[in-house]
Amino acid sequence: MFKRATGVILPPPVIYLLFLAAAWLLESVIPIALPQNIWTDYFGWGLIDAGVLLMLWAGLLMLWRKTTVNPYGKPARLLEEGPFRYSRNPIYLADSLIYCGIALLWGSLWPWLLFPAVIYCMQRGVIVHEERLLAELFGDDYRAYRGRVRRWL
């Protein structure tokens with residue numbers, strides 16, 4: 001019904017937010033607190049800051065190179081520069097950094113227990129479809145890029 005060109009059903013930020021909401025609900029029913037100190041706050045905010053900066057870097061590069069940032073859109077070109085030299089999915093990596101930063105600030109075990117499921121949902125529900133579209137659009141160039149650059153890091 002909401003499926004678009006890439007096959008993605010939910011916007012990626014919504015997937016992360018749904019898992020954070022599930023962690024919050026689980027914590028309200030079965031609290032599993034983690035120890036908090038000044039360092040968890042520093043690392044939490046550091047991860048959030050790093051995620052925001054990475055997201056801006058990748059997003060601005062995509063806009064500058066006139067390709068879509070929208071996961072439902074059709075990419076105009078294959079980017080292999082900037083953060084895309086290190087990760088095929090720097091924006092999703094940024095989302096994951098922000099998620100982990102929030103998990104540290106909350107001081108609950110639940111976001112950490114759900115994190116593997118977040119990554120699984122992103123890979124199966126979003127990234128696989130995007131990679132299929134990129135392979136169709138950019139063929140051997142994309143396959144060579146995929147061979148050089150890891151999916152996450």
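The values are calculated or read from the model by the stated rules, or taken from the named source; none is laboratory data. Predicted model only: the values in this text are computed from it and were never measured. So basically every Cβ, Gly included, is an ideal-geometry build from the backbone, and we count neighbours across all protein chains shown.
Filter region 58-72 for residues that are over 17 Å from the mean Cα position of the chain (by Cα), assigned to a loop (DSSP other than H, G, I, E, B) and not polar (S, T, N, Q) and give the result.
Of everything in region 58-72, those that are over 17 Å from the mean Cα position of the chain (by Cα), assigned to a loop (DSSP other than H, G, I, E, B) and not polar (S, T, N, Q) turn out to be Arg65, Lys66.
Within region 60-84, restricting attention to residues that are out of contact with any helix residue (DSSP H, G or I) (no Cβ under 6 Å at 6 or more places or on another chain) and of a type in the set (Gly, Ala, Ser), which residue is modelled with the lowest pLDDT?
Gly73
Quick check, is Leu47 of a type in the set (A, V, I, L, M), buried (at least 16 other Cβ atoms within 10 Å of the Cβ), assigned to a helix (DSSP H, G or I) and in contact (Cβ under 8 Å) with a residue 60 or more places away in the chain?
Working: of a type in the set (A, V, I, L, M): yes; buried (at least 16 other Cβ atoms within 10 Å of the Cβ): yes; assigned to a helix (DSSP H, G or I): yes; in contact (Cβ under 8 Å) with a residue 60 or more places away in the chain: no.
It is false that Leu47 is of a type in the set (A, V, I, L, M), buried (at least 16 other Cβ atoms within 10 Å of the Cβ), assigned to a helix (DSSP H, G or I) and in contact (Cβ under 8 Å) with a residue 60 or more places away in the chain.
Considering only residues of region 88-107 that are small (Gly, Ala, Ser) and over 11 Å from the mean Cα position of the chain (by Cα), which is nearest to Thr67 (Cα to Cα)?
Initially, region 88-107 is screened for residues small (Gly, Ala, Ser), giving 94, 96, 101, 103, 107.
Narrowing the set further to residues that are over 11 Å from the mean Cα position of the chain (by Cα) leaves 101, 103, 107.
On the way: Gly101: 29, Ala103: 32, Gly107: 38 Å.
Looking at the filtered set, the residue picked out is Gly101.
For the list (1) among the small types (Gly, Ala, Ser); (2) without any contact (Cβ under 8 Å) to a residue 60 or more places away in the chain; (3) surrounded by 14 or more Cβ atoms within 10 Å (Cβ to Cβ), I need the number of the one condition that Ala21 fails.
Ala21 satisfies every listed condition except (3).
For region 85-97, does any single residue satisfy the condition of being modelled with pLDDT under 95 and polar (S, T, N, Q)?
Step one: filter region 85-97 for residues modelled with pLDDT under 95, giving none.
The answer is no; no qualifying residue exists.
Which one is surrounded by the fewest Cβ atoms within 10 Å (Cβ to Cβ), of the residues in region 124-135 that are more than 14 Å from Ile9 (Cβ to Cβ) and in contact (Cβ under 8 Å) with a residue 12 or more places away in the chain? If you could, list the steps in order and put the result at the bottom.
Taking region 124-135 as the starting set, the residues that turn out to be more than 14 Å from Ile9 (Cβ to Cβ) are 131-135.
Adding the requirement that they be in contact (Cβ under 8 Å) with a residue 12 or more places away in the chain leaves 131-134.
On the way: Glu131: 17, Arg132: 12, Leu133: 20, Leu134: 19.
The selected residue is Arg132.
Out of all the residues in region 80-135, which are part of a helix (DSSP H, G or I) and of a type in the set (Lys, Arg)? I'd like the intermediate steps shown before the answer.
Just the residues of region 80-135 that are part of a helix (DSSP H, G or I), to begin with: 82-85, 90-106, 110-135.
Within region 80-135, Arg85, Arg124, Arg132 qualify.
What is the one condition in (1) over 19 Å from the mean Cα position of the chain (by Cα); (2) hydroxyl-bearing (Ser, Thr, Tyr); (3) surrounded by 20 or more Cβ atoms within 10 Å (Cβ to Cβ) that Tyr42 does not satisfy?
So Tyr42 meets the others, but not (3).
Would you mind telling me which numbered condition in (1) over 16 Å from Pro13 (Cβ atoms); (2) touching a Lys or Arg at 6+ places or on another chain (Cβ under 6 Å); (3) surrounded by fewer than 16 Cβ atoms within 10 Å (Cβ to Cβ) Tyr72 fails?
(1)
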